[in-house]
Amino acid sequence: MATKRRSIALRCRHALMVVSMGALIACVAPTATAVPSRPEATQTAVLATATAEPSPTDTSTPLAAPTAGHLAVSPREFGGVPDDDADDSQALRVALAKASAEPGGVVELEPGTYLIDASDGGYHLTVSGAAGLQIAGNGARLLMQNPGSGGLLVHNSQDVEIADLIINYDPVPYSQGTITAIDPQAGTFDLAVDPGYPHPRALVFLRAPLCFGTVRLRETAMLREDVGDHLMIAEWEPLEEEGLYRAYLDPGHYRDQLARVQVGDAFVYVARSGGGAVDIHGSSDVLIENVTIYASPTSAVTLLQADNVTIRGLRVEIAPEADRLNSTNADGVHCQQARIGPRIESSHFEGMSDDAINIYTVPNLVRQVYDETRIGVTGAGQMRAGDLLEIWDPIDGVLRGHATIVSVGAEGGYTLLALDRPIADMRAGADYRSADHVYNRDACGEGFAIVDNTFQNHRRYAIFIKSGDGLIEGNTIRNLSGNGIVIANEPDWPEGPMARDITIRDNLIEHVGFSGSYGLQPDAAAIQIKGNKLGFGLAAWRGQRDIVIEGNTIRDWPRNAIYLGSAARIVLRNNRLESSGTREDIPAATAVGIKIENSEAITIDGLDLSEPRAIRAIVEIDGASDVETITVEGLRGLVPSGVPHLMSER
């Protein structure tokens, strides 16, 4: 597999942009209907940023003495002393600024806890314009004290290392408590807020563009399996008893979920706002190593137009010394518009209120078609001369064509793009539902690698990819409310493009899609490859292509173990599907090993399936697929008699 990645140069240890609010602030689970949905209010939200936070480690790397000529700075020089219960904000800001002023500067933290405030509402700490900067945590804890503000922002910098840090928040950017009463007909429940947590009418929630909640099990912090994986609250009413609040749910499926909620269940209510724990914006060649993140207003780590980032030994998890039920309010790692995708390895993701990893770009929208080689666009996607564009009709899911940008200008309030070849039938429109989408394939995170990570006990997906030239290998994924590995565009969000040239190899995926809003969907799968058009229907263009799925083990899958929709040139080789027969939430008559819809040029070369239930089929192919281009060989099934090995509508 070809790769765009260039390795981070070894260096001596002592040596603004915007992102879709829909993507970072408001990614919530699909409804229990066939069409997934997210809160409509967030679709038109103002563009915003997001970040991430580090996690604790007992294996911090000791630093040698600074090399001559490289500036080493300690916050202690400016009054920042850990564990003295005094505010260390200004001392850390001065230390970061001083070390950033010279190439190769080092900020040396000491073990212990630094208290950081962000009373101005911005990031707690900011690095800008640095080159060769190293933040050496040495096991230090950064305790962020504004729950509505991001933690650490690295902006417009190159060759930066952040190592051996723990990032936490107090107060946390969410509330939690115990459900004490439920009225499904009225659509209400009462919540007794746990001592020490913000109440759901606190300022952090009133200011947040998105708030939602999840029902959890107190003992394990896992989401309840028989309840939808998020609830939207229309109003909170304080009751007479101190710490007791009544939640009024939004109508529709949210209220329907109350019939399955029980008195005594735990409830977590998150406020997504501000940035994440660690945000890397407009920067390149960054290493984040041995960082632990216990809480964040949005993602743990956000990479926005950040190229060639390596994340190694990141731990996103619930703080072990507290009674907390949540880690971050959004994703683990959220990557948008990278020209060289990230490498994420040997990391652990747990307890988040959204996907663990999301890699994609946002589209620009065609607002004016001057001719077949000149268009006016608007949007946040970066565009440069020489970039390869994918122009796409989201209504029918049709590819208009690929073209390279010859020049970028301005005309009539739009960004004017001159193309190197004519593209016929392009459609201008007012918004993402009516206009053609323009995706930059050179800035969608291609060249990524996700290797040897663990994902468990969190909401939605483990790995969500709208990119290409990538590797997903050796990961362990278990106990998720949504699908395991998802390769799918999302024009309704909107995020894209279609994926290409990806290898999914030697991963273990078990017990995913346990929320009914995911697992019962016809396209639910431990590994889902799907081309979407608006409304989450199958795209006409079979644009998810050139993907290899091999050597994976899938246990106790949702509706399908592997799903292929609107895909082409997919190879499935020597995968193993093992069912214990205990998925009572998935009717056996609907369960399938591999389901193929509207696809072509699919090769299945070796598949082992063991399933004690009389499932629908081992392999099912719909009538819209080009059956004559699909090859199925080496099926080995330990299933009840009568279960078809291959079912085709043709």
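The values are calculated or read from the model by the stated rules, or taken from the named source; none is laboratory data. Here the structure is a predicted model, which means the values were calculated and not measured. When we count neighbours, we look across all protein chains shown, and the Cβ atoms used for this are built from the backbone with ideal geometry, even at glycine. For the accessible areas, the whole protein counts, side chains as well, though only heavy atoms, and no ligand, DNA or RNA atoms are used. Shrake-Rupley method; radii C 1.70, N 1.55, O 1.52, S 1.80 Å.
If you go through segment 216-229 and keep only what is in contact with a helix residue (DSSP H, G or I) (Cβ under 8 Å, 6 or more places away or on another chain) and either under 16 Å from MET352 (Cα atoms) or open to solvent by less than 30 Å² (accessible area, probe 1.4 Å) (or both), you end up with ARG224, VAL227, GLY228, ASP229. State whether the residues of segment 452-461 include one that is modelled with pLDDT of 95 or more, hydrophobic (A, V, I, L, M, F, W, C) and more than 20 Å from THR302 (Cβ to Cβ). The answer is no, given that none of the residues of segment 452-461 is modelled with pLDDT of 95 or more, hydrophobic (A, V, I, L, M, F, W, C) and more than 20 Å from THR302 (Cβ to Cβ). Among the candidates THR404, THR378, THR361, the residue that is under 29 Å from TYR461 (Cα atoms) and under 31 Å from the mean Cα position of the chain (by Cα) is uniquely THR361. If I filter segment 193-215 down to residues being in contact with a Gly (Cβ under 7 Å, 6 or more places away or on another chain) and farther than 29 Å from ALA259 by Cβ, which single residue comes out as least open to solvent (accessible area, probe 1.4 Å)? Across segment 193-215, the extreme among qualifying residues is VAL204.
For GLY80, indicate whether it is open to solvent by less than 70 Å² (accessible area, probe 1.4 Å), at positive phi and modelled with pLDDT of 95 or more.
no
Condition first: open to solvent by 20 Å² or more (accessible area, probe 1.4 Å) and within 14 Å of ASP371 (Cβ to Cβ). Now tell me which residues in segment 401-411 satisfy that. Result: VAL406, GLU411. The single condition among (1) in a strand (DSSP E or B); (2) open to solvent by less than 10 Å² (accessible area, probe 1.4 Å); (3) in contact with an Asp or Glu (Cβ under 6 Å, 6 or more places away or on another chain) that ASP469 does not satisfy is (2). Checking ALA140, ALA131, ALA86 one by one, the residue that is at negative phi, open to solvent by 30 Å² or more (accessible area, probe 1.4 Å) and in contact with a Pro (Cβ under 7 Å, 6 or more places away or on another chain) is ALA131 and no other.
The combined condition, being out of contact with any Gly (no Cβ under 7 Å at 6 or more places or on another chain) and more than 30 Å from ALA136 (Cα to Cα), is not fulfilled by ASP170. Among the criteria (1) under 19 Å from ALA380 (Cβ atoms); (2) surrounded by fewer than 24 Cβ atoms within 10 Å (Cβ to Cβ); (3) not basic (Lys, Arg), the one ILE423 does not fulfil is (1).
Just one of the listed residues (LEU143, LEU210) is over 26 Å from LEU223 (Cα atoms) and hydrophobic (A, V, I, L, M, F, W, C), and it is LEU143. Criterion applied to ASP170, ASP190, ASP183 was being within 28 Å of the chain's Cα centre (by Cα) and either of a type outside the set (A, V, I, L, M, F, W, C) or surrounded by fewer than 22 Cβ atoms within 10 Å (Cβ to Cβ) (or both), and the one residue passing it is ASP170. Taking residues in segment 246-269 that are open to solvent by less than 50 Å² (accessible area, probe 1.4 Å) and at pLDDT 90 or above, and partners anywhere that are among the hydroxyl-bearing types (Ser, Thr, Tyr) and not in a strand (DSSP E or B), the pairs with Cβ atoms closer than 9 Å and at least 6 places apart or on different chains are VAL268/SER353. Among residues of segment 619-642 that are over 17 Å from SER599 (Cα atoms), those with a beta-carbon under 6 Å from a residue that is not in a strand (DSSP E or B) at least six positions away or on a different chain give the pairs LEU635/HIS645; GLY637/HIS645; VAL639/GLU611; PRO640/ALA614.
What number of residues within segment 525-557 satisfy the criterion of being open to solvent by 10 Å² or more (accessible area, probe 1.4 Å), among the aliphatic types (A, V, I, L, M) and part of a loop (DSSP other than H, G, I, E, B)? So the answer is 1.
Condition check ((1) among the aromatic types (Phe, Trp, Tyr); (2) on the phi > 0 side of the Ramachandran plot; (3) surrounded by 24 or more Cβ atoms within 10 Å (Cβ to Cβ)) across all residues:
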residue	(1), (2), (3)
ALA430	no, no, no
ARG433	no, no, no
VAL438	no, no, yes
ASP442	no, no, no
GLU446	no, no, yes
VAL451	no, no, no
THR454	no, no, no
ARG460	no, yes, yes
PHE464	yes, no, yes
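Taken over segment 388-400, the criterion of being open to solvent by less than 10 Å² (accessible area, probe 1.4 Å) and either among the aliphatic types (A, V, I, L, M) or farther than 19 Å from SER599 by Cα (or both) is satisfied by LEU389, GLU390, ILE391.
The strands (runs of 3 or more DSSP E) found wholly in segment 564-650 include none carrying at least 3 residues that are within 30 Å of the chain's Cα centre (by Cα), surrounded by 15 or more Cβ atoms within 10 Å (Cβ to Cβ) and at pLDDT below 95.
Residues that are of a type outside the set (Val, Ile, Thr), in a strand (DSSP E or B) and either within 27 Å of SER119 (Cα to Cα) or modelled with pLDDT of 95 or more (or both): does segment 290-298 have at least one? Yes - at least one qualifying residue is present in segment 290-298.
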